[in-house]
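Novice: Pasting a structure below so you can have a look.
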């Protein structure tokens, strides 16, 4: 059954009542009962959510769940690859001073455009400084780093998990080779989840992408961060972006992911990721409460079920109208 959803994006309508930092930007007005999982994605930057775009979309559109996103930084550090977007936004975004000034608003609006495509319910922006690229999470996590307001982030994450009563939290896989902000966002999400009682704690999972070139290994425990330990059974739960649907099975969920990637026009290298991720591997963290593995397995089994019923066409639709016609 088609869900009745009213769409509105505050950033694109010029609404005067801009939420304060940490308050929700409502993206999708949910007018139907929530019958599926409640999911929160916690990420460092606008565009990180593309890693789970198809999972989030299908959780809402097919399973009747609800999905929210929380971003820690304002994305201002993404100026180096904004060359093609300079004409689009009429600004020299690759100039660091200009980019840091303009990109927070630009990237917020790009992110919200993608949120609408995924049917995200609400987005939360903590607007911490996206200070620079590094693979060292201590640049923001160290007690004397002074880059992020760690107390405010901790409070916001615990409050959101408590109020949202989420079944699952999605994060990036924390590996030493990834952006330090990605590692830090996942570590902070895990620390926040650990503060909740086990009976109110969401299962926390991280994602890695499988491409035609490689199948990802489970992330190892980050040195110095014991909270990043995976559950004893580290076998991944796999979401297949190439699930076929539509006429003659010619479509798959990479189309939706590409739409979301395309929204991030200020981030040129993002566009090069189109259609590359074939399957998403989700790994469960050890601090997840009892029963999490079974709950996550049920969630992924639901996501593997067909979402669309193929239509039948007559000859007026063309010589390729028959669903049984072999694809050449």
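Novice: I'd like the full set of residues that are crowded, with 22+ Cβ neighbours inside 10 Å, under 20 Å from residue 55 (Cα atoms) and out of contact with any helix residue (DSSP H, G or I) (no Cβ under 8 Å at 6 or more places or on another chain), limited to region 149-183.
Specialist: The one that is crowded, with 22+ Cβ neighbours inside 10 Å, under 20 Å from residue 55 (Cα atoms) and out of contact with any helix residue (DSSP H, G or I) (no Cβ under 8 Å at 6 or more places or on another chain): 166.
Okay, residues lined up against (1) within 14 Å of residue 192 (Cβ to Cβ); (2) surrounded by fewer than 20 Cβ atoms within 10 Å (Cβ to Cβ); (3) out of contact with any helix residue (DSSP H, G or I) (no Cβ under 6 Å at 6 or more places or on another chain); (4) modelled with pLDDT of 95 or more:
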position: 109; (1), (2), (3), (4): no, yes, no, yes
position: 113; (1), (2), (3), (4): no, yes, no, yes
position: 122; (1), (2), (3), (4): no, no, yes, yes
position: 133; (1), (2), (3), (4): no, yes, yes, yes
position: 137; (1), (2), (3), (4): no, no, no, yes
position: 147; (1), (2), (3), (4): no, yes, no, yes
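Novice: Can you name the residue in region 3-20 that is surrounded by fewer than 13 Cβ atoms within 10 Å (Cβ to Cβ), in a loop (DSSP other than H, G, I, E, B) and in contact with a helix residue (DSSP H, G or I) (Cβ under 9 Å, 6 or more places away or on another chain) and is also modelled with the highest pLDDT among such residues?
Specialist: 18
Novice: Another question about this same structure. Name the single residue that is farthest from the chain's Cα centre (by Cα) among those in region 39-51 being within 22 Å of residue 159 (Cβ to Cβ) and in a helix (DSSP H, G or I).
Specialist: 48
Novice: Being more than 16 Å from residue 51 (Cβ to Cβ), assigned to a loop (DSSP other than H, G, I, E, B) and in contact (Cβ under 8 Å) with a residue 40 or more places away in the chain is the filter; apply it to region 199-214 and report the residue that is farthest from the chain's Cα centre (by Cα).
Specialist: 212
Novice: Another question about this same structure. Do we find a residue being farther than 18 Å from residue 273 by Cα and out of contact with any strand residue (DSSP E or B) (no Cβ under 9 Å at 6 or more places or on another chain) anywhere in region 39-57?
Specialist: No: region 39-57 contains no residue that is farther than 18 Å from residue 273 by Cα and out of contact with any strand residue (DSSP E or B) (no Cβ under 9 Å at 6 or more places or on another chain).
Novice: Tell me which residues, restricted to region 177-198, are within 16 Å of residue 288 (Cβ to Cβ) and not in a helix (DSSP H, G or I).
Specialist: The answer is 195, 196, 197.
Novice: Moving on. Can you pull out every residue in region 224-249 that is surrounded by fewer than 12 Cβ atoms within 10 Å (Cβ to Cβ) and modelled with pLDDT under 95?
Specialist: Of everything in region 224-249, those that are surrounded by fewer than 12 Cβ atoms within 10 Å (Cβ to Cβ) and modelled with pLDDT under 95 turn out to be 232, 233.
Novice: Residue 32 - would you say it is in contact with a strand residue (DSSP E or B) (Cβ under 9 Å, 6 or more places away or on another chain), in a strand (DSSP E or B), at pLDDT below 95 and farther than 20 Å from residue 110 by Cβ?
Specialist: So residue 32 fails the test.
Novice: Filter region 134-176 for residues that are assigned to a loop (DSSP other than H, G, I, E, B) and within 15 Å of residue 43 (Cα to Cα); which is nearest to the chain's Cα centre (by Cα)?
Specialist: So the residue we want is 173.
Novice: When the residues of region 63-81 are filtered to those that are assigned to a strand (DSSP E or B) and without any contact (Cβ under 8 Å) to a residue 60 or more places away in the chain, which remaining residue is surrounded by the fewest Cβ atoms within 10 Å (Cβ to Cβ)?
Specialist: 66
Novice: For region 248-276, which residues satisfy the criterion of being at positive phi and in a loop (DSSP other than H, G, I, E, B)?
Specialist: Across region 248-276, the qualifying residue is only 275.
Novice: A further question on this structure: When region 224-240 is examined, which residues are found to be touching a residue at least 40 places away in the same chain (Cβ under 8 Å) and not in a strand (DSSP E or B)?
Specialist: 225, 227, 228, 229, 231, 232, 233, 234, 236
Novice: Return yes when residue 194 is at pLDDT 95 or above, touching a helix residue (DSSP H, G or I) at 6+ places or on another chain (Cβ under 7 Å) and surrounded by fewer than 17 Cβ atoms within 10 Å (Cβ to Cβ) and no when it is not.
Specialist: Here the answer is yes, as residue 194 does meet what is asked.
Novice: Among the residues of region 268-288, write down those that are more than 15 Å from residue 170 (Cα to Cα), in contact (Cβ under 8 Å) with a residue 60 or more places away in the chain, surrounded by 14 or more Cβ atoms within 10 Å (Cβ to Cβ) and in contact with a helix residue (DSSP H, G or I) (Cβ under 9 Å, 6 or more places away or on another chain).
Specialist: 268, 270, 273, 276, 277, 278
Novice: Of all residues in region 82-98 being in a loop (DSSP other than H, G, I, E, B) and without any contact (Cβ under 8 Å) to a residue 24 or more places away in the chain, which is surrounded by the fewest Cβ atoms within 10 Å (Cβ to Cβ)?
Specialist: This residue is 90.
The values are calculated or read from the model by the stated rules, or taken from the named source; none is laboratory data. These figures come from a predicted structure and were not determined experimentally. All Cβ positions, even for glycine, are placed from backbone atoms using ideal geometry, and neighbour counts span all protein chains on display.
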